[in-house]
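The values are calculated or read from the model by the stated rules, or taken from the named source; none is laboratory data. Small disclaimer: the values here were computed from a predicted structure and weren't measured. Cβ coordinates were reconstructed from backbone atoms using ideal geometry, including for glycine residues, and neighbour counts include every protein chain displayed. For accessibility, only protein heavy atoms count, side chains too; no ligands or nucleic acids. Shrake-Rupley method; radii C 1.70, N 1.55, O 1.52, S 1.80 Å.
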Amino acid sequence: MSFTLIGKHEKDSRANRDAYINAMLEMMEKDPSVIHVDCDLENCINTGKLAKAYPERTINAGIAEANAVGVSAGLCATGKTVFVHSFGCFASRRVFDQAFMSAAYAKLPVHIVGSDPGVCAAYNGGTHMPFEDCALYLSIPDAVVIELADYAQTNCLTKKLAASGKFSYMRMVRKAFITIYEDGSDFEIGKGVTLKEGKDVAIIASGIMVDEALKAQEELAAEGISAKVIDMFTWKPLDEQLIIDSAKECGAIVTAENHQVTCGLGSAIANVVIQNCPVPMEMVGVEDRFGQVGAESFLREEYGLTAAHIVEAAKKAISRK
């Protein structure tokens, strides 16, 4: 694993979906077993590029997400490497029984991709706003659950998942995102990435909250507070040793996620902390609420998904030492 941190809080000019599509094109060229299944969202995810290059291996299952996962499991059973995509709400709630029984229970390494996670669904509204998608997949034995932060991470980990031989769920932002890593950065499934060293509090984040964590670290540093920042992009299997080491080093932890805190990254980390090295811990994320319509900037404030909320939580956790 090797990476270069950019961390300038600047929006990338590219669409993150193209990192996935370009990874798929690269794999499809090398391996004729690689297949993409979509749920009538070709324009949303840019699947047209795949269909043009490899029409026989790019399947539109229509607005029938559960069937799409069943079809993907069947293809996987014949030795194919299958990725199936829909919006995160449909790629989790609507397909869960098929994902659990037809794929995971059958030990078939189908790779489910859910786009527009959490508040990133924005104007699609509460019905399309998955705050619980990862929670469902965390409950599946031996599953891999990943949340991606940017282009480099998406491109790398799509290929790593294909080679993993594991059933997986990957949530990703489709379009606007902040660049965290330099292209070509390499990541390892199940290993968190330490972006900043610190001794007073450890901030553990993923997805869109990684940049907010880096902003919070800068604000805390200006006040003389030393914060460690970790990108925990793999929610399962969790990097337990990194969490335990951080708890021992810093004595306080803050988690930050674009997801329900009661059943997501924060709760998974809390399970590790309480069993191995109990320290004060605060969780930044969605607090047992449904989604709603709005601009992403509004929704981040509404649901407490900002650097300011992380700073507040860090100070509270430190005060509890």
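For an R0 of 35 angstrom, estimate the FRET efficiency from the Cβ-Cβ distance between ASN67 and THR127 and round to the nearest 0.05. Please report the intermediate quantities before stating the final value.
Values: r = 20 Å, r/R0 = 0.58.
The computed FRET efficiency comes out at 0.95.
Between LYS107 and ILE244, what is 0.36 nm times their sequence separation minus the Cα-Cα distance? Round to one decimal in nm. Provide the component values of the computation, followed by the final result.
Numbers: separation 137, 0.36 × 137 = 49.32 nm, distance 3.05 nm.
Stretched fully, the LYS107-ILE244 segment lengthens by 46.3 nm.
So if we plug the beta-carbon distance of ASP97 and LYS159 into 1/(1 + (r/R0)^6) with R0 = 35 Å, what FRET efficiency do we get, rounded to 0.05? The partial results should precede the final answer.
Working: r = 29 Å, r/R0 = 0.82.
Using R0 = 35 Å, I get an efficiency of 0.75.
Report Rg/Rh for the chain, rounded to two decimals, where Rg is the Cα radius of gyration and Rh the Kirkwood radius.
Taking Rg over the Kirkwood Rh, I get 0.96.
With every protein chain left in place, what is the accessible area of MET101 in Å² (1.4 Å probe, nearest 10)?
Accessible surface of MET101 is approximately 90 Å².
So how far apart, in nm, are the two label points at ALA221 and ALA308 if each is 7 Å from Cα heading toward Cβ?
Roughly 2.2 nm, to one decimal.
Please compute the modelled spin-label separation between LYS11 and GLU26, points set 7 Å along Cα→Cβ, answer in nm with one decimal.
Output for this residue pair reads 2.6 nm.
Once label points are set 7 Å from the Cα along Cα→Cβ at both PHE298 and MET1, what is their separation, rounded to one decimal in nm?
Those two pseudo-labels are separated by 3.8 nm.
Once you keep just the Cα pairs under 8 angstrom separated by 6 or more residues, what percentage relative contact order results for the chain?
Working: 744 pairs, mean separation 59.5, N = 321.
Relative contact order, the chain: 19 percent.
Mind scanning LYS175/LYS228; LYS107/LYS175; LYS175/LYS215; LYS49/LYS175; LYS49/LYS215; LYS215/LYS315 and naming the pairs with a C-alpha gap bigger than 24 Å? Could you put the intermediate results ahead of the total?
Details: LYS175/LYS228 28 Å; LYS107/LYS175 32 Å; LYS175/LYS215 21 Å; LYS49/LYS175 16 Å; LYS49/LYS215 35 Å; LYS215/LYS315 15 Å.
From the list (LYS175/LYS228; LYS107/LYS175; LYS175/LYS215; LYS49/LYS175; LYS49/LYS215; LYS215/LYS315), the Cα-Cα distance tops 24 Å for LYS175/LYS228; LYS107/LYS175; LYS49/LYS215.
Can you give the calculated 222 nm mean residue ellipticity of the chain, where each DSSP H run of n ≥ 4 adds -39,500 (n - 2.57) and the sum is split over every residue, rounded to the nearest 500 deg cm²/dmol? Present the calculation step by step, with values, prior to reporting the outcome.
Numbers: 11 runs with 115 residues, N = 321.
Using -39500 (n - 2.57) per qualifying helix, the result is -10500 deg cm²/dmol.
So for ARG300, ARG171, what's the accessible-area order with a 1.4 Å probe, most first? Please list the in-between numbers first.
Working: ARG300 50, ARG171 0 Å².
Listed by decreasing accessible area, they come as ARG300, ARG171.
So if we plug the beta-carbon distance of ARG320 and ARG289 into 1/(1 + (r/R0)^6) with R0 = 25 Å, what FRET efficiency do we get, rounded to 0.05? Don't skip to the answer; put the middle values down first.
On the way: r = 25 Å, r/R0 = 0.99.
The calculated FRET efficiency here is 0.50.
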